[in-house]
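These notes concern the structure reproduced below.
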Amino acid sequence: MRSVVVVEGGDLGCARLLVLLRHRVAELDDGTVVHVSTSDPVAPIDLPVWCQMTGHAYLGTVPGTAVPTYAVQVTATPAATDPANPWRRAT
């Protein structure tokens, strides 16, 4: 079983959180599970959409955490996103 990688998003807003997540998952192996903790109230909407757009798998919320935490499984061949706008596909 693979270990879980934790990304502490703190109170980062959506765009900054996605930049942080995009950078971190680029360093990880296919199938790695990432737990993203963030107090951003839009994260439960933005993370699933970002995962669908990039090809990573959104696994849902992680129960029993002090800060809202969401699980993402890394894919080896994600769709690229715009360098300045991680919420848009690269052209």
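Using helices alone, I'd like the mean residue ellipticity at 222 nm for the chain: each DSSP H run of four-plus residues gives -39500 (n - 2.57), total over residue count, nearest 500. If you can, show how the numbers build up before the last one.
Working: 2 runs with 24 residues, N = 91.
Using -39500 (n - 2.57) per qualifying helix, the result is -8000 deg cm²/dmol.
Listing THR38, THR61 from the residue with the fewest other Cβ atoms within 10 Å to the one with the most, what is the order?
Details: THR38 26, THR61 14.
Placing the least packed residue first, the sequence is THR61, THR38.
Counting only DSSP beta bridges with both residues in the chain, what percent are antiparallel, rounded to the nearest 5? Show your work: numbers first, answer last.
Details: 10 of 16 bridges.
Given both bridge residues lie in the chain, the antiparallel proportion sits at roughly 60 percent.
Can you tell me the FRET efficiency between ASP82 and ALA57 if r is taken as the Cβ-Cβ distance and R0 is 30 Å, rounded to the nearest 0.05? If you can, show how the numbers build up before the last one.
Values: r = 21 Å, r/R0 = 0.71.
Calculated value: 0.90.
Where does the charge balance sit around TYR70 when Lys and Arg score +1, Asp and Glu -1, over other residues with C-beta under 14 Å from its C-beta? All intermediate terms of the calculation are to be shown ahead of the outcome.
Numbers: positive: ARG24; negative: GLU8, ASP40, ASP46.
Charge balance near TYR70 sits at -2.
Taking the Cα-to-Cβ direction at ALA90 and at ASP30 and moving 7 Å from each Cα, how far apart do the two end points lie in nm?
1.8
Which of rounded, prolate, oblate describes the chain, given a ≥ b ≥ c as roots of the alpha-carbon gyration tensor eigenvalues and a/c under 1.5 marking rounded, otherwise prolate only if a/b is larger than b/c? The partial results should precede the final answer.
Details: a/c = 1.76, a/b = 1.16, b/c = 1.52.
The shape class here is oblate.
Would you please put 65-71, 27-33, 42-48 in order of how densely packed they are, using the mean number of other Cβ atoms within 10 angstrom per residue and starting with the highest? If you can, show how the numbers build up before the last one.
Details: 65-71: 15.0, 27-33: 13.0, 42-48: 17.1.
Most protected by this proxy first, the peptides run 42-48, 65-71, 27-33.
What are the trypsin sites (Lys or Arg not before Pro) within region 10-91 that DSSP puts in a loop, where the Cβ has at most 12 other Cβ atoms within 10 Å? Can you show the working numbers first?
On the way: sites: ARG16, ARG22, ARG24, ARG88, ARG89; in loops: ARG88.
Qualifying residues, ordered by number: ARG88.
Since every read-out is calculated from the coordinates, none of them should be taken as a lab result. If you're wondering where the values come from, they're calculated on a predicted model, not measured in any experiment. Using ideal geometry, Cβ is built from the backbone for each residue, glycine included, and neighbour counts are taken over all protein chains shown.
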